[in-house]
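Below is one structure, written out as structure tokens; comments come after it.
The values are calculated or read from the model by the stated rules, or taken from the named source; none is laboratory data. None of these values were measured; they are calculated from a predicted model. Glycine also receives a Cβ, built like all others from the backbone with ideal geometry; neighbour counts cover every protein chain displayed. To get the accessible areas, we keep the full protein, side chains included, count just its heavy atoms, and leave off ligands, DNA and RNA. Shrake-Rupley method; radii C 1.70, N 1.55, O 1.52, S 1.80 Å.
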Amino acid sequence: MTGTADPLEPGKGEGTNTGKLWGGRFAGGPSPELDALSRSTHFDWRLTPYDLAGSRAHANALHRAGLLSDADHAELLRGLAVLGERYAAGELHPDPTDEDVHGALERLLLEEVGPDVGGRLRAGRSRNDQIATLFKVFLRDHARVIGGHVLDLVGALATQAEAHLGSEETGGTGPTIMPGRTHLQHAQPVLLSHHLMAHAWALLRDVDRLADWDARVAGDSPYGSGALAGQSLGLDPTGVAAELGFTGSTANSIDGTASRDFVAELAFVAAQIGVDVSRIAEEVILWATHEFGFVTLHDSWSTGSSIMPQKKNPDISELARGKAGRLIGNLSGLMATLKALPLAYNRDLQEDKEPVFDSVDTLEVLLPAFTGQVATLVFHGERTADLAPRGFSLATDIAEWLVRQDVPFRIAHELAGACVRACEERGIELHELSDEEFAAISPHLTPGVREVLTAAGSVASRDGRGGTAPVRVREQHAELVARAAELRGRLA
């Protein structure tokens, strides 16, 4: 018809889908409101290097399948390389008309190599398998970065633990002892090193989760799934998977395009890391108070007050505690988006990126700061050692000492409780009871009980595997360091 542009003729019929990968069957472009709602370049432009890598691999697959001439293949690779260089130099930007990173890069590639060559790249792939593939590559890269930061924090905890293990064997100072707590009440004395490494083991499990996640994702490249039914052009999904760092490709094209459990799982691990860091943060906040007095914060890793000159605030820990809620919220929002989505792809999945991008960014900023704070904490061992035996925290030691004297634990528990009651009535601690007062409570309570009425004696007695005895904690430290090194190797 006169005046109607041929949508297949280069340079014509593009008004309906400039910067988009669709539009041939539409007589006009989207409304401004729909355009604004659909646009995602403001958050997915960061995927540009991954999109370009995927396009290079796809061009190679088209060439191997005989669908690109040598000349066209070379020109496409040249054009993609130019776009990559411009992006790295900060000179490549999306246009307001671009719907997403994929459409923007296709438009820019067409400008670079021309429509005859550039228009061949889209054959055999869809945005659906394209985004699922490159998103996995992006998240795998950043999971390694996050895992490295977590291991750095583990290293800071391990270094602090080693510094407070003491050097009793060479006649030096003993290990630092602190009050162990349950329900935040005095429970039993423990080594500070034992307590710090409890946090480190939790973080190592987080790194282990990241490594397990990566192994699952690595074997499941969605490339070749097309929109949902696969492709018919004889392309090689496993070859592209290998080029992009995967160990295998998806067995089901519908699952390849529609599943986002890999995003949700990473969001969960990110949230769990946030929670584990928040638990350390809460303790640092408490320990830095005047009432506890366990630690002093380094000036470079704390802040002051705009009105109170004396303040030294644990802002890093407070921000870590707050950001844990943000990470949990990202996971919750993502799960709500995925709930009840029918197969296969749905546009709802555009909402999968911002939450996990935010989780990645949050941890990559938070973890180095938190590690610096932990590494520079100054612990006050005299204070923690003074408080360790208080609050009748040696009562269990009395009960277990009685068991070793062949007293049934039921009776031993009652006798230890009677000792606590006697101390409460007099306002004293357990070690302040006289030999006569012990004997009055029970003839089983001979002067030998005093061997467990010190914090040092208490911790030394707990020498089973996993216990807080110095000999076990030193072994644990070596085990922790070895495990951290093993996980760093897995991430690499």
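Check Glu414, Glu354 and return the single one that is farther than 26 Å from Asp276 by Cα and acidic (Asp, Glu).
Numbers: Glu354 fails: farther than 26 Å from Asp276 by Cα.
The match here is Glu414.
Considering each of Glu33, Glu91, Glu111 in turn, give the residue that is assigned to a helix (DSSP H, G or I), at pLDDT 95 or above and not β-branched (Val, Ile, Thr). Working first, answer last.
On the way: Glu33 fails: at pLDDT 95 or above; Glu91 fails: assigned to a helix (DSSP H, G or I).
Of Glu33, Glu91, Glu111, the one residue that is assigned to a helix (DSSP H, G or I), at pLDDT 95 or above and not β-branched (Val, Ile, Thr) is Glu111.
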### Query
Within the set of pairs 6 or more residues apart or between chains, which connect a residue that is under 25 Å from Glu475 (Cβ atoms) inside the range 201-215 to a residue that is open to solvent by 40 Å² or more (accessible area, probe 1.4 Å) and among the charged types (D, E, K, R) with Cβ atoms less than 8 Å apart?
Ala202/Arg279; Leu204/Arg483; Ala211/Arg490
### Query
Which of the following residues is more than 27 Å from His194 (Cβ to Cβ) and not polar (S, T, N, Q): Glu451, Glu400, Glu436?
Glu436
### Query
What about Val207, is it under 21 Å from the mean Cα position of the chain (by Cα), at pLDDT 95 or above, among the hydrophobic types (A, V, I, L, M, F, W, C) and under 29 Å from Ala163 (Cβ atoms)?
yes
### Query
Do the conditions hold for Trp45, that is, is it modelled with pLDDT under 90 and either touching a strand residue (DSSP E or B) at 6+ places or on another chain (Cβ under 9 Å) or within 29 Å of Glu354 (Cβ to Cβ) (or both)?
no
